[in-house]
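All of the numbers you see were taken from the coordinates with simple rules; none came from a lab. These numbers come from a predicted model, not from an experiment. FYI the Cβ positions are ideal-geometry reconstructions off the backbone, even for glycines, and counts take in every protein chain you see.
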Amino acid sequence: MRWLSLLTMILLIGCSDRTAAPVVPEALNVGINRTVFIGTTRAMNDAGEFGIGRSPSLTLLQSQVSIPPEREVGTVSDGFDKPKPERDFALASLDQHRNPQSFAAALSQEITRSSTGRREVTVFVHGFNNSFADSAFRMAQLGHDLEVPGALVSYSWPSRANPLGYEYDQDSALFARDGLADLLRAVEAAGNPDILLVAHSMGSYLVMETLRQLEIAEPGWAERSLSGVILMSPDLNVDLFRTQIARFQTVPDPFVVVVSRKDIVLRLSARLRGERSQLGNINDAEDIGDLPVTVLDVSAFSDRQSGNHFIAAGSPALIQILKRSADLDREFVRGRTGATLVIPGQRRILTRATEIELTAPSRRSR
């Protein structure tokens, strides 16, 4: 079975020391460097790095991530404890902020450097089986490949970075809710920028739990504070998602759920639970058609490296389309009369949801 082959591959990868996150200053002179702000609830280990332990307090950092000069779009090469900047992503610098005020001031300065003239921040929350470095590298890769405007922020919660650590990661995702809430407030303090909150896989579970608790404490917080939410391949039970989103006074617009029926990892996750599917691989958008969300179906694209579990980050063909994300204008997403189709695909209006099914430009591009 294909999913069994994927699981074997993941187990082999798990034999490497994936928790290493060395700082390589010489990488500043190699490739392209992107500034990534980081909030983490990982505890520092004996090596002086942020490992798998859980910290009750949020640490705020600022890093320069070096992107190797020659690599394929959608790829992230990690040299683990011995990165080679010419080939691998690397942490070229990593500095800790003394307090949230220092973090917010530095973030505000970074935002003002944006060439768009808008105050925009993208906050990325990683998924299962990720290390501290993984989350920073992925944020830099997404920011670079998708040409994301504004400042980049990554939330690194204490995943075990081991394919056998699924239950540990589920507990850690719940543990990390307060830290994510604190990080979002620190980002807000940087002049109330437009905050796009993006999550992948199990990170979507963490994001929805955090937003639920913020909504309970301050009804309407999500709609007031966020310019949008994107859940990529969410490893999240559909019924649980319904209870979480039901607590929102107003759902942020846009609220996008990226799905693929070819997602091998979510197929396995659903089977382990005795379910038909998870939110990220629902068979029919009608399953959540009564919710005020946009379902972006990317089943026409492939990313073999992730088992079709992170297509939005790993498919070069899809990345080329998503780089034109401004074409996914609100008139089209909301399905208003007269809206034109400006991307390859088709739109379907459901009870409250909108489904956008993207079409691959050619078989060769998949």
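Quick notes on this one:
- Cα gyration tensor of the range 249-307 - equivalent ellipsoid semi-axes, whole Å, descending: 22, 15, 10
- Extension gain from Asp46 to Leu240, taking 0.36 nm per residue of separation minus the Cα-Cα distance: 66.1 nm
- Think of each Lys and Arg Cβ as +1 and each Asp and Glu Cβ as -1; about the Cα centre, that makes the dipole of the chain roughly 660 debye.
- For the range 127-136, 3J(HN,Hα) computed residue by residue from phi via the Karplus equation (6.51, -1.76, 1.60; θ = phi - 60°) reads x, 4, 6, 10, 9, 4, 5, 3, 5, 5 Hz, glycine and proline entered as x.
- Over the chain: helical MRE at 222 nm, DSSP H runs n ≥ 4 each giving -39500 (n - 2.57), nearest 500: -9000 deg cm²/dmol
- A simple spin-label model places the labels of Lys323 and Ser57 4.3 nm from each other, with each point 7 Å out along Cα-to-Cβ.
- With bins 20 Å wide beginning at 0, the percent of Cα pairs of the range 2-315 falling in each bin runs 34, 61, 5.
- Of all aspartates and glutamates in the structure, the ones whose alpha carbon falls short of 20 Å from that of Lys262, not counting any fewer than 8 places away in one chain, are Asp235, Glu275, Asp284, Glu286, Asp287, Asp297, Asp303, Glu355, Glu357.
- Our coupling estimate for the range 22-37, obtained by passing each phi through the Karplus curve with A = 6.51, B = -1.76, C = 1.60 and θ = phi - 60°, is x, 8, 10, x, 5, 5, 4, 9, 10, x, 10, 10, 10, 7, 10, 7 Hz, Gly and Pro reported as x.
- Antiparallel DSSP beta bridges within the chain, as percent of all bridges there, nearest 5: 40
- Short-range pairs are left out: with C-alpha atoms under 8 Å and at least six residues apart, the relative contact order of the chain is 13 percent.
- Centre-to-centre, using Cα atoms only, the range 220-287 and the range 101-158 are separated by 22 Å.
- Each listed q (0.23 Å⁻¹) maps to a log10 I(q)/I(0) for the range 68-187 from the Debye sum over equal C-alpha point scatterers, namely -1.40.
- What the pair-distance distribution of the range 129-269 shows, using all Cα-Cα distances binned every 5 Å from zero, is 2, 9, 18, 24, 22, 15, 8, 1, 0 percent.
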